[in-house]
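Participant: If you scroll down you'll find the structure; I have some questions about it.
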Amino acid sequence: MNASPNARRFSLPSIGLHWATLLLLAAVYALIELHGMYPKGSEMRETLKIWHFMLGLTVPCLVLARLILRQLYPAPAIVPAPPAWQQGLAGAMHVTLYAFLVVMPLLGWLALSAKGRPVPLFGLELPALLPPDKALGKSLEKIHESIGVAGYWLIGLHAAAALFHHYFMRDNTLRLMLPWLGEPGKRRGTAAS
């Protein structure tokens, strides 16, 4: 990971997109979980699924914006600097998270295409990426669901790592992404660390 030693925190657009991505993922997961509460074929179940599809397909747009911002505004340095092995794990986690955020919507789009279903996106219909093939559609849907379950763990591990760094390593990792906590090098009520 390229770090900018002069940056005191992530840029505000980067921070905003990070938290917007989390909120969007929470909505995508909530919609697919809630749809199961309604009977198959019901209008509410179909509405929740359509919103799941549409919000899920907006995730790669946020990812693209985040990657562009990452090039424009390199990550600030973590203070104190973690060991190289932790930096390597953090890099691998970020690559995995970004891959997850791109692969999941793509798998969903492929599954809908193979099932011969429309791919809605806020009043538009996206083109099918595959010809209809119900068996393939079911297989892709199962893969999408399995990776979705793994996503809970991935997101949870990312959050747990941030909390571990904050409370146990006592570095500025979490504070770099929380603009409302004040100066990244200072704790509330204490001098700069």
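Participant: Quick check on packing: order 135-142, 108-115 by the mean number of other C-beta atoms within 10 Å, highest mean leading.
Facilitator: Working: 135-142: 15.0, 108-115: 22.0.
Packing proxy ranking, top to bottom: 108-115, 135-142.
Participant: Okay, moving on. Please list, or write none, the aspartates and glutamates whose alpha carbon is within less than 16 Å of the alpha carbon of K115, excluding same-chain residues fewer than 8 places away.
Facilitator: Cross-link targets: E46, E125, D133, E141, E145.
Participant: Which of F168, F53, F122 moves the most in a Gaussian network model of the chain with Cα springs under 10 Å?
Facilitator: F168
Participant: With n ≥ 4 as the cut-off for DSSP H runs, can you work out [θ] at 222 nm for the chain, using -39500 (n - 2.57) per run divided by the number of residues, rounded to the nearest 500? Write out the running numbers ahead of the final one.
Facilitator: Details: 4 runs with 116 residues, N = 193.
Rounded to the nearest 500, it is -21500 deg cm²/dmol.
Participant: So between A20 and A7, what do we pick up on full extension, going 0.36 nm a residue minus the alpha carbon distance? Don't jump to the answer; show the numbers that get you there.
Facilitator: Details: separation 13, 0.36 × 13 = 4.68 nm, distance 2.17 nm.
Full-extension gain reported as 2.5 nm.
Participant: How many nm separate the modelled label positions at L130 and V95, each set 7 Å beyond the Cα in the direction of the Cβ?
Facilitator: Using points 7 Å along Cα→Cβ, the separation is 2.7 nm.
Participant: Determine the distance separating the Cα centre of region 115-134 from the Cα centre of region 20-84; give it in Å without decimals.
Facilitator: Distance between centres, Cα-based: 20 Å.
Participant: Once both labels are modelled 7 Å past Cα along the beta-carbon direction, what's the V149-L64 spacing in nm?
Facilitator: About 3.2 nm, to one decimal.
Throughout, read-outs are computed from the coordinates displayed, never taken from laboratory work. This one's a predicted model, so the numbers in the text were calculated from it and none came from an experiment. Here the Cβ is made from the backbone with ideal geometry for all residues, glycine too, and neighbour counts use every protein chain on show.
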